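Working notes, beginning with the structure itself.
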Amino acid sequence: METTAVPIWSKISSSVSLYLAYTVICSLVLIGWPGFGSVEEWAIRSTSWRSFLRTTGSRVKFMTFDLALTIDDKFSLESVSEEGNTLIEALRDHQAEQQQTCPIAFICHSLGCSILKQALCIANAQNQNFSTVLHSILAIIFLGGPNPTTTTDEDSDRIVALTLSSNSKLSKQCQARVREGMHVIANVSRLFHDVRLNVELLSLYESEKTKVKLGRKDSAKFFGSSKKLMLVDRAYAATGAPKEQQWELAGDHVALCKLQQQDGRPDQRLREWLTFVFSGELLVAAMNRLNSSKIPDSPVPSMTSLSSYDAAKIALSSDGPRFSIPASKSNDASNDPTAGSSTAKGWEVVPIINSFTAPRKLAQLPCFMIDTLVRNKDFFGRESMLAELDDWLLPVSTDKARFSSQPNGQRHVVLCGMGGIGKTSIAMEFAFSRQTHFDAIFWIRADETAKLEQDFAQIASSLGLEDAAERTNPIISRELAMGWLSNPRKVLDEEDDIIGQTEACWLLIFDNADSPENLQDYWPLSQAGSILVTSRDPLSKTSPSIAGKSIDLSPLTDEEGAHLLQRLSHNAKEGEASLEIASKLGGLPLAISQMAAIIRYQYLSLADFIERYDDDASRKHLHAFEHAGSRRKEARGNIASIWAVQQLDEGAMTIIQLAAILDPDCIQERIFEEFAIGVEHIQEYPANWMAYSTARAELIKRSLVRRNESSKELWIHRVLQDSVKAQMSDERLLDIFTLALTLLTKAWGSTALVNRHDWRLSKTREGLFPHAMSLRASYENIYKDTNPKASVPLAELMNEAGWWQHERGSSHESKAFWNLALDICEQNPGKKTGQLLADVHYGLAAAANETNDAHACLHHTKLLLDMRKRTAEETREQDLRLAIAHNEFGIALVMNGQYKEAVEAYETSIEVYKNLRDYWPSMDTNPRTNLGFTLWVTGQLDAAWNCLQDLLHDRERKFGVNDSESYRTGRVVHGMGNVKYDQGEFEIAERFHHRALVHYQRTLGNNHHKTADLCHKMAQHCFRREEFENANRALIGQALKIWRLKETVFAPEIARTTFLEAKVYMQSGDVQRAAGLFKEARDLRNSISGARKKGDASLREADFDDLVTFFSR
């Protein structure tokens, strides 16, 4: 063995060679990662491993690659690319200096693996410059090399954790920079997969979790907590290389360099693999190949065998049009793409971009979203539980002046226990009593996904982060809320919009999260804030969705229960009796509260109550509902007997039975009051307002419901709901269900087809929607197979609820309501359901259209049209519904490529519109716009222009120039821009597209998918004018941001815009980023059903345009 201390070249140094009698030499290059120790300390450099390498029969020369980067607050993942560039050039230079080229093997650790991958990707792309390096590679060992191919939050979290494991004191700004640079690692991983390097490759990964300190540095102090994480497991290490092998090594991520198996000895499988690599035919063949007179030339690549770089260069090489036909002059406003503009000096793209990057809205603090709750004024005890919550959830300091300036890492607590044990009451008391410790508190109902979405979306509006026009899109609202929760900055100087390093302290409470997996999309991933979860499900304590501190809430002790009973019953004299009652009630706070109300309401002594309760328990032990498992053995009676609901008078009984059918959290009293007028209801229902008030008072006095006086809403416990429903006979339950359905339907109201998009209706129905979900759930659980008399009215309500969901942008979620309505209509055929069935098919077709489901759209529109035609024949009248059906059928035909038939459908729709008695010009905007787009798609440009121009004339006469009646004028000028673009009049086209984008922003807001369509079009214009920064800075970014809120729905749009983004980067000179984006767009296109298969290099922008619905192009 010989040691050489002289560096061979500036970045790679040689240190040790192992000599034997053999002449075969191999270089072993070691690439580490800062913060995990020097490569000089790796086990492969130890005496035992060097002794082993001598036995392979090769002369192994150790070499190290010296990294120029450091992991500090200036670190970014872009340095990985830079180091990869340096590495490949250093390898080439080193080989050029050698008299004889020898094979090279690599051992890399952690993100050092990505440096080698980057180097090899460059060599693959520039084969003519680096062919010798590629031919010399013998084998590669990756030690915990991450290989993410996507940039999801989970991927970003892993890479941030990897970075923190090498330096735990990185600032939050640096961590954010790492997240932003995640695409670097993902691009390298994707491109390395395409290299298909045909060498022996070993991907080893850790068997134990690594301790990572999660937190942030603030000046000289460090806040955070340690957590053990699996940084690189088998799946995350896999590269997909042809000759890849994988297994685990003992220890965590840092210990991988020890190369040990579980018993602490050198890994035997690794030794066998190295023996195979460094001895025998493999190494000799490599030497012969390198030292032959000429390295074989690579074959001329075909279009299907090109590397990703080469394919990307060809596919993205088209610059697009760079010329424009001069515009013809006209005084017609419909021909003027800048009509309605506030300036006569032309148009610029900068104001559009600024509208997307406008100064952020400042959160309105303090913000306490607990106004719908009614604080329990009788809350008693649980001091130790509240103190424990203080320890886990309060910010660092309890000094009000210091809360927000010194928050520590995010804290999670899961409060578990049976229903009625007091979880919600404790959470509510904590929220009200600790308000001064937080800048913001948000109470989220988590028992249903729709309520979870609704409440979480309200965070954005409560903070003042969104405009009223944007509030109908819960996904946008959710993202705004998540953004603020992840980075809750406070304003130091409002006048100059100075946002300091000061973070707001927030508390997020998920109440009744009995399905913890539903919280995944609503769980902030940052280290800010505190989260409290209440759940009946004991598995929630170990759920990966809400991992954190778990507390099992126990029943009250007899002493605690007795004190609570004495306080609530206003009887502190009968101590022994109170202990006995608390014991009989099993320490259940809700039961004690109910019994105290009965004692007080009926003027009973505690001894009298015990006598009655014992008798009542023996009478009612056969009640259906029983809470088992968590009450103490000495507890007597059941939940039904505890609440003694049967003792209520008829009016109060009916109200609580209705409350048991509806959603329990916010029952609007107007449902029982104003909408009960004129409704045929059951005899026991309160006959007038006074009777209702009396019934309500009885329920409140018995603590069976709570009332929010300001909002006039009632609240009932879920356990009580179950008990009340269990005590009703089947006949009574159906009567109550029918009455609840009647009242809710009247409160909901019906909507004309042309008014369903009215956002004001959306807001009034927001509070009623949870009740519609409750009725749907009750029907599906109880009545779906029996088809009771309430079925058809329920189908009508489900249809309305489906349209409400659809108009709010939740088309996929609306299908559940329409499918139930469809089932009911098909079970009840006849004239009564005929019109409803057609409307349900219309809704399902609209949902299929929005979710790019061409087959379902055609299926439902065909059924819809057939039904409308039959109705027209029977009535001998063609109405608005028939006109709409023809238009919808035309859309479905275009989605399925039947353009000629689609034109006929649109023309028929227009004809039906014009024959309506109340027709007015542009009433038929939808079919005329769709006709114009279809003519454009089929290349009939003059006909398309005339169609859209005439329509714009009609709309301007009806509503004025650039109206705000709806988004429909934006669609018209969008189509006109498309026509002009294909006619080569690019500047005119650009102005029409600009006008359409401004119109969409004004009528739909910045975050609607139609706005994204025009962002893409405007980015194309910026690309044409070589304004690459403008194209990427806001337009492409905004479009992708909107579509990625629903990636599965808008996959075609994402693929198309990602391809455009790749073109922008290619033309601006960033070939690597362009190639990565090209591969991403290609892979996404290949995953879309119906996409025509093509070779990578032959892909063009038109191939991605074809994926998108015609009116979105």
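At-a-glance table
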| quantity | calculated |
| --- | --- |
| Single match in Q646, Q683 (criterion: in a helix (DSSP H, G or I) and either modelled with pLDDT of 85 or more or over 43 Å from the mean Cα position of the chain (by Cα) (or both)) | Q646 |
| Test: residue in the stretch 605-621 that is surrounded by 15 or more Cβ atoms within 10 Å (Cβ to Cβ), at pLDDT 80 or above and outside the structural domain of D378 (by TED's automatic domain parsing) | yes |
| Those residues of the stretch 987-1005 which are in a helix (DSSP H, G or I), surrounded by fewer than 23 Cβ atoms within 10 Å (Cβ to Cβ) and among the hydrophobic types (A, V, I, L, M, F, W, C), in sequence order | V998 |
| Some residue of the stretch 392-401 being modelled with pLDDT of 75 or more, more than 30 Å from L565 (Cβ to Cβ) and not in a helix (DSSP H, G or I) | yes |
| Unique match (being of a type in the set (F, W, Y), out of contact with any Pro (no Cβ under 7 Å at 6 or more places or on another chain) and under 28 Å from A885 (Cβ atoms)) among Y981, Y1000 | Y1000 |
| Qualifying residue in the stretch 876-889 (condition: closer than 16 Å to V840 by Cβ and either of a type in the set (S, T, N, Q) or outside any helix (DSSP H, G or I) (or both)) | no |
| From C121, C102, C113, residue being closer than 18 Å to L282 by Cβ and not basic (K, R) | C102 |
| Residue in the stretch 470-478 that is closer than 22 Å to S535 by Cβ, of a type in the set (S, T, Y) and modelled with pLDDT under 85 present | no |
| Restricting the stretch 953-990 to residues that are modelled with pLDDT under 90 and among the polar types (S, T, N, Q), the residue that is nearest to L1004 (Cα to Cα) | S966 |
| S774 vs. criteria under 22 Å from D735 (Cα atoms), hydroxyl-bearing (S, T, Y), out of contact with any Gly (no Cβ under 6 Å at 6 or more places or on another chain) and in contact (Cβ under 8 Å) with a residue 60 or more places away in the chain | yes |
| Among the residues listed as A872, A902, the single one being closer than 21 Å to A845 by Cβ, surrounded by fewer than 22 Cβ atoms within 10 Å (Cβ to Cβ) and without any contact (Cβ under 8 Å) to a residue 40 or more places away in the chain | A872 |
| Residues within the stretch 145-186 that are crowded, with 22+ Cβ neighbours inside 10 Å and over 20 Å from S81 (Cβ atoms), tallied | 2 |
| Some residue of the stretch 780-792 being buried (at least 24 other Cβ atoms within 10 Å of the Cβ) and outside the structural domain of T875 (by TED's automatic domain parsing) | no |
| Residue in the stretch 266-276 that is at pLDDT 60 or above, touching a strand residue (DSSP E or B) at 6+ places or on another chain (Cβ under 8 Å), assigned by TED's automatic domain parsing to the domain that holds I141 and over 18 Å from A43 (Cβ atoms) present | yes |
| The stretch 238-281, subset within 21 Å of I137 (Cα to Cα), of a type in the set (V, I, T) and in a helix (DSSP H, G or I), residue nearest to the chain's Cα centre (by Cα) | V277 |
| Residues located in the stretch 1073-1099, provided they are closer than 30 Å to S79 by Cβ and among the basic types (K, R) | R1073, K1079, R1082 |
| Filter result (free of Cβ contacts under 8 Å to residues at least 24 places away in the same chain and closer than 27 Å to T934 by Cβ) within the stretch 1079-1110 | S1089, A1091, R1092, K1093, K1094, A1102, D1103, D1106 |
| Yes/no for I499 being under 30 Å from W1043 (Cα atoms), at pLDDT 75 or above, assigned to a strand (DSSP E or B) and out of contact with any Ser or Thr (no Cβ under 8 Å at 6 or more places or on another chain) | no |
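Rundown of residues vs (1) aromatic (F, W, Y); (2) buried (at least 24 other Cβ atoms within 10 Å of the Cβ); (3) in a helix (DSSP H, G or I), yes/no style:
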{"position": "N1007", "(1), (2), (3)": "no, no, no"}
{"position": "A1012", "(1), (2), (3)": "no, yes, yes"}
{"position": "C1015", "(1), (2), (3)": "no, yes, yes"}
{"position": "E1026", "(1), (2), (3)": "no, no, no"}
{"position": "E1029", "(1), (2), (3)": "no, no, yes"}
{"position": "R1044", "(1), (2), (3)": "no, no, yes"}
{"position": "V1049", "(1), (2), (3)": "no, no, no"}
{"position": "A1055", "(1), (2), (3)": "no, yes, yes"}
{"position": "G1069", "(1), (2), (3)": "no, no, no"}
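This table checks each residue for (1) in a loop (DSSP other than H, G, I, E, B); (2) without any contact (Cβ under 8 Å) to a residue 24 or more places away in the chain; (3) under 13 Å from I891 (Cβ atoms); (4) touching a helix residue (DSSP H, G or I) at 6+ places or on another chain (Cβ under 6 Å).
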| site | (1), (2), (3), (4) |
| --- | --- |
| N799 | no, no, no, yes |
| N819 | no, no, no, no |
| Y842 | no, no, yes, yes |
| C857 | no, no, yes, yes |
| K862 | no, no, yes, no |
| R868 | no, no, no, yes |
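The values are calculated or read from the model by the stated rules, or taken from the named source; none is laboratory data. Note that the structure is a prediction, hence the values are computed from the model and not measured. Positions of Cβ are backbone-derived with ideal geometry, glycine not excepted, and every protein chain shown enters the neighbour counts.
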